[in-house]
Amino acid sequence: MKSPKTILAGIPLALMLYFPAQLFAQNVKVGYWTSGFSLGFGAVMEQMKFAEKQGLNVEWVKFAEVNGPTRAIVSNAIDVAFAAPSTNSISIAADGVPVKIVLATQIAEAQIVALEGSPIKAIGDLKGKKIGMSPAGSATHAIATAILEQNFGLKPKDYSIAPGNEAQLAQFLSQKEIDAGVLRSVTLAQMQDVKLRRLGSIVDEWKKLTKGNAPPILAVTIVYANYLAKNPEAVAKFIAATRNGLQYGSQNKPRVAEILQKAANMNATDALAYANQWDGAYIASFEPADITSLKRMYDIVKAGGGATKDAPDNAFATGPYIQAKKIK
């Protein structure tokens, strides 16, 4: 006959075998913007359940506005903001909000283009021209104007800017309301009826500007500091899941397109065009060079009046990323 101690010792194991694994999973509330280019990575992460496969019980919180996840993490309404705007994330950390940046997830990828029949043959020809790009205050705007000045000697007074979102900029260019535009490759892929001349790549020009190999980073993953302090393993698992999601998207673009058709109500052609830009748009990295790139971007935004305080070094938490690289 088994002793009471032996019976009691076996109860935890019996419970684990009887109850679903979700009861023992670590809870995490993750928010992401369900539009723009963050949609693709977020939708794949949610639908394919990469975080859940790492033993996390995820509550996905979706936001219709780009800064929604950032505002939610400021109020501690979510634990993790996935693909949050990079410079805005650094700015709230500089303002004293208890958040940590733990991963770079999206590249500030764009092309500088003009119509094929335009007399503009190179970026240097943009002097005195009207250029369409993201509004002032955005990371893409700051990067593009810095590249024009530092790589090509074009100061802000040397050209005019037509601000707009991707759809507006594509329309401006098609209707010849602007001479050139700074547009993401996914937008260009959907402008198949418009013949364009590519003048330069924002990523390539950024690497020339910084004399490094890290791309400019548009979005990051940020974690509420108290959650990270209490759940470092959960954050590492989420990063590992993100790395797996990145690899999956790269290797399964038709499946990504299927997910986008359902998540964003895209037609099949646009969804596949979006999915085919995966490798140039998304990353899951937090190496020293990535942090240097983030700080350089923030300094450019700050110099342009988009921020007032310096980026604090303690805003960048590398521990979870280092641990995540050991997780499969």
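The values are calculated or read from the model by the stated rules, or taken from the named source; none is laboratory data. From a predicted model like this one, the values you see are computed outputs, not experimental measurements. Cβ placement follows ideal geometry from the backbone for every residue including glycine, while neighbour counts extend to all protein chains displayed. Surface areas here come from the heavy atoms of the whole protein model, side chains and all, with no ligands, DNA or RNA. Shrake-Rupley method; radii C 1.70, N 1.55, O 1.52, S 1.80 Å.
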Are there any pairs with C-beta distances below 6 angstrom linking a residue in the range 70-96 that is farther than 19 Å from F41 by Cβ and touching a residue at least 60 places away in the same chain (Cβ under 8 Å) to a residue that is open to solvent by less than 10 Å² (accessible area, probe 1.4 Å) and of a type in the set (A, V, I, L, M, F, W, C), with the two at least 6 apart or on different chains, and if so which?
-> A93/V99; A93/A315
Filter the range 216-225 for residues that are out of contact with any Phe, Trp or Tyr (no Cβ under 6 Å at 6 or more places or on another chain) and open to solvent by less than 20 Å² (accessible area, probe 1.4 Å); which is nearest to V301 (Cα to Cα)?
-> I217
Of all the helices (runs of 4 or more DSSP H) wholly in the range 250-328, which have at least 1 residues that are touching a helix residue (DSSP H, G or I) at 6+ places or on another chain (Cβ under 9 Å) and without any contact (Cβ under 8 Å) to a residue 12 or more places away in the chain?
-> 253-264, 268-275, 288-303, 319-324
What about V30, is it at pLDDT 95 or above, open to solvent by less than 50 Å² (accessible area, probe 1.4 Å), out of contact with any Phe, Trp or Tyr (no Cβ under 6 Å at 6 or more places or on another chain) and not basic (K, R)?
-> no
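In the range 182-201, what residues are part of a loop (DSSP other than H, G, I, E, B), touching a strand residue (DSSP E or B) at 6+ places or on another chain (Cβ under 9 Å) and open to solvent by 50 Å² or more (accessible area, probe 1.4 Å)?
Selection gives R184, K195.
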Yes or no: V256 among the hydrophobic types (A, V, I, L, M, F, W, C), in contact with a Phe, Trp or Tyr (Cβ under 7 Å, 6 or more places away or on another chain) and on the phi < 0 side of the Ramachandran plot?
-> yes
Matching residues, the range 238-284, being more than 17 Å from I107 (Cα to Cα), within 17 Å of the chain's Cα centre (by Cα) and crowded, with 21+ Cβ neighbours inside 10 Å | F238, A240, A241, V256, L260
Residues within the range 79-132 that are of a type in the set (A, V, I, L, M, F, W, C), open to solvent by 10 Å² or more (accessible area, probe 1.4 Å) and outside any strand (DSSP E or B), tallied | 5
